[in-house]
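The values are calculated or read from the model by the stated rules, or taken from the named source; none is laboratory data. The model shown is predicted, which means the values in this text are computed figures rather than measured ones. As a convention, Cβ positions derive from the backbone with ideal geometry for all residues, glycine included, and neighbour counts pool all protein chains shown. Heavy atoms of the whole protein, side chains included, go into the accessibility calculation; ligands, DNA and RNA do not. Shrake-Rupley method; radii C 1.70, N 1.55, O 1.52, S 1.80 Å.
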Amino acid sequence: MLGMEGDFPGVAGYSRKNIWLSISPDPNPILGIPDHELEQGRCGLEEILKLRKSSLGPSLSISYQRPLKIVRGFRQYLYDETGRTFLDSVNNVPHVGHCHPRVVKAAQEQIAVLNTNTRYLHDNLVRYAERLRERLPEPLRVFFFVNSGSEANDLALRLARTYTGAKDMIVVDGAYHGHLTSLIEISPYKFDGPGGPGRPPFTQKVIMPDVYQGPYRAGDPDAGAKYAAHVSEAVERIHKEDRKPAGFICESLLSCGGQIVLPDNYLREAFRRVREAGGVCIADEVQVGFGRVGTHFWGFETQGVIPDIVTMGKPIGNGHPLAAVVTTREIADAFATGMEYFNTYGGNPVSCAVGLAVLDVIEEEKLQENALAVGGRLKAGLEKLKEKHALIGDVRGLGLFVGVELVLDRKTRARATLHAAYIAERMREEGILLSTDGPFRNVLKIKPPMVFSASDADLLIAVLDRILSEDPLRGRSPKGHP
Ligand code: PMP
């Protein structure tokens, strides 16, 4: 098997593809497959890169030094234009698996019959709201359907600001909540990042509740409450300006922040302080909702809190542009100021059919249970690697939302950014897709489709183990970066 398990790319190692092609005759004169059905009938990688460069905005990056052209997806697998299989360990959008037949069929059937806006009555919209409602605690009862996580968070801001009559928001450092102007203003990841305009005066940051790198560390039973105390400092800064906070927005587990699990009591204490100051609490579940954490359907449930507003996106439509906001009757009613909220595509019959199918598959295929079991196995395997490889400083996560923080030195916890980039590239070469995150991009990010299996977890661990033993990772800055 040439040292490969489970990802055998054909008759030879992938690195020898060109040699084999050069000595193998082309079978097509005998097979007679039309040109347009073969790769030579399609755009080559170079051509696509050239066309992108000339016709797309340059503020968009491409994954991997050797870009991938993916032409097909199924379950947890992606296939490139040569037919090579990649194990997708990082896309949390195709939640129930790439191109799940049930979801595809639901969309196809509905789009063939009707797709229009929510000013007409339709069963799908109310049935879908009912189904989501069954998954949520009181008093989260009223829905708004939109098309992207950004739209959901923008609407959440409008709800919070209209309800409280205030504008100031408290946000967690390193957070990303979306690409709209209103969200760049509350996303330190963007406003403090490259090209960012800096923090607006109506946004207050609190430090990331990171028990590995932050001031209050794992082992301190009060770490969560201590991080939450910083929320009161933010409230005081707003009060000093003679204003009050509109609210606090926080992901239920921090994604861009570096795959961080919130310490116990963090949200409970933070929410209490925000509510005492008259603000509302928004949980951004765009990345982590829908059973990913394994033990619960929503990330906020792991903190024992009930937010005033919850935003959902990515996994909700398995790749179809669907997102939602749920809130309380009181907040929704306060938003009915006379200005209508209408969203051309949000909640259309096709989107709702897709949303319903996703919920059906999560339940029928027991994907939350799978996330718990496979995520546990994955974390246990990564913990074992930590014993063997000093580069791994921390392994953390819940269910199939896992982070591996790489450090140059376990005492100083200096971030191993280049090592993380090297590993992500090498994993890609070996047929496993994952990526890096965190403010220093030194955290390996693993959040695969929820159909990820035990053998996928074992394969990922085995390949990572092999790569962690490679020579370039022994120095402080890995050379031989592919
Ligand atoms: N919130 C979080 C936590 C996100 O990660 C993202 C997207 N990465 C968004 C909101 C925005 O979602 P979208 O890209 O669908 O607008």
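Some observations on this one:
- R0 of 35 Å, Cβ-Cβ distance D264-E330: FRET efficiency to nearest 0.05: 0.75
- Amide H within-cut-off set for L408, under 5 Å, with H built and near neighbours excluded: A414, R415, A416
- Cα-centred dipole magnitude for the stretch 405-460, charges only on beta-carbon of K, R (+1) and D, E (-1), debye, nearest 20: 360 debye
- In the stretch 101-364, lysine pairs with alpha-carbon atoms under 28 angstrom apart (chain gap of 8 or more, or interchain): 18
- Based on Cα contacts under 8 Å between residues 6+ apart, the stretch 60-174 shows a relative contact order of 11 percent.
- Amide H contacts of N318 (H built 1.01 Å from N, under 5 Å, at least 5 apart or other chain): H95
- FRET efficiency, T412 to L180 (Cβ-Cβ, R0 41 Å, nearest 0.05): 0.60
- Mean separation of Cα pairs under 8 Å and 6 or more residues apart, divided by the residue count, gives the stretch 101-364 a relative contact order of 30 percent.
- Coupling constants for the stretch 389-401 follow from the phi torsions by the Karplus curve (6.51 cos²θ - 1.76 cosθ + 1.60, θ = phi - 60°), and in residue order they are 10, 5, 5, 7, x, 8, 10, 8, x, 9, x, 9, 10 Hz; glycine and proline get x.
- Dipole moment magnitude, nearest 20 debye, the chain about Cα centre, only Lys, Arg, Asp, Glu C-beta charged: 880 debye
- With all pairs of different C-alpha atoms in the average, the Kirkwood value for the hydrodynamic radius of the chain is 24.0 Å.
- The local environment of S187, defined by Cβ-Cβ distances under 13 Å, has a net charge of -3 under the rule Lys, Arg +1 and Asp, Glu -1.
- Per residue, the accessible area of the chain comes to 46 Å², computed with a 1.4 Å probe over protein heavy atoms only.
- Portion, in percent, of the accessible area of the chain that falls on carbon or sulfur, probe 1.4 Å: 53 percent
- Full extension of the chain between D222 and L49 yields a length gain of 57.2 nm, computed as 0.36 nm times the residue separation minus the alpha carbon distance.
- Residues whose amide H lies under 5 Å from that of R72, counting only those 5 or more places away or on a different chain, are Y79; hydrogens are built 1.01 Å from N in the peptide plane.
- With Cα atoms, 0 to 90° folded angle of helix 45-55 axis to the chain main axis: 40 degrees
- Chain lengthening between D123 and E365 when straightened (0.36 nm per residue, less Cα-Cα): 84.6 nm
- Think of each Lys and Arg Cβ as +1 and each Asp and Glu Cβ as -1; about the Cα centre, that makes the dipole of the stretch 16-106 roughly 360 debye.
- The simple Förster model, with R0 at 56 Å and r as the Cβ-Cβ distance, assigns E340 and A454 a FRET efficiency of 0.65.
- One decimal place: the segment A373-T82 gains 101.4 nm when fully extended, by the rule 0.36 nm per residue minus the C-alpha distance.
- Net charge in the neighbourhood of V325 (other residues with Cβ under 10 Å of its Cβ; Lys, Arg +1, Asp, Glu -1) is -1.
- The relative contact order of the chain comes to 19 percent, based on Cα pairs under 8 Å that sit 6 or more residues apart.
- Per-residue [θ]222 nm for the chain (sum of -39500 (n - 2.57) over DSSP H runs n ≥ 4, rounded to 500): -11000 deg cm²/dmol
- Under the Karplus curve 6.51 cos²θ - 1.76 cosθ + 1.60, θ = phi - 60°, whole-Hz ³J(HN,Hα) for the stretch 129-141, x wherever Gly or Pro sits: 4, 4, 5, 5, 4, 4, 8, 10, x, 4, x, 7, 10
- Angle in degrees between helix 417-429 and the longest Cα principal axis of the chain, rounded to the nearest 10: 50 degrees
- Low-density loop positions, GluC sites (Glu not before Pro), the stretch 269-348 - DSSP coil, at most 11 other Cβ in 10 Å: E340
- Integer Hz, Karplus 6.51/-1.76/1.60 couplings in order for the stretch 259-270, x for Gly and Pro: 6, 9, 8, 5, x, 3, 6, 4, 5, 4, 5, 5
- Compared with the dominant Cα axis of the chain, that is its longest principal axis, helix 367-388 is turned about 70°.
- Approximate spin-label separation E236-A390, in nm, with each point projected 7 Å along Cα-to-Cβ: 4.2 nm
- The residues packed around N92, meaning those with a beta-carbon under 14 Å from its beta-carbon, carry a net charge of -1 if Lys and Arg are +1 and Asp and Glu are -1.
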